[in-house]
């Protein structure tokens, strides 16, 4: 993990750190399992950001104004959240067209969340398919 992201996560409550680290590991695992190449990990707008060639950016963060959850953000002009809502209507809470909301006390649903992350990481090869090929 890059020092800037590690430093950012260290400022968050322990439960937020746990979730953010678990989702980070899931992003890296999905990229590796799908041979998507190196994951670019940076801070964008002060949020941890992940991108592979051919994908769309995934960002995630905890914010004091919404202290009971973390959010996984996706580009709002993609069909990602629309597709996630269709496939995983009851699995997640959503914020508009841009985020999956994960309560701090939640267990990570690795299957569904991993699938959502995979669609984002492969977005440019899936965007022309119905339900992004799901």
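Structure summary
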{"read-out": "Packing-based exposure ordering (other Cβ within 10 Å, fewest first) of 90, 61", "value": "90, 61"}
{"read-out": "Calculated SAXS-style log₁₀ I(q)/I(0) at q = 0.09, 0.10, 0.21 Å⁻¹ - the chain, Debye, Cα scatterers", "value": "-0.23, -0.29, -1.37"}
{"read-out": "Order of 116, 76 under a 10 Å beta carbon neighbour criterion, fewest first", "value": "76, 116"}
{"read-out": "Helix-derived mean residue ellipticity, 222 nm - over the chain, DSSP H n ≥ 4, -39500 (n - 2.57), to 500", "value": "-11500 deg cm²/dmol"}
{"read-out": "Stretchable slack from residue 33 to residue 89, in nm (0.36 nm times residue separation minus alpha-carbon distance)", "value": "17.6 nm"}
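Coordinate-derived values only; no laboratory data. The structure displayed is predicted, hence computed values, not measured ones. Virtual Cβ from ideal backbone geometry, glycine too; neighbours counted across all protein chains shown.
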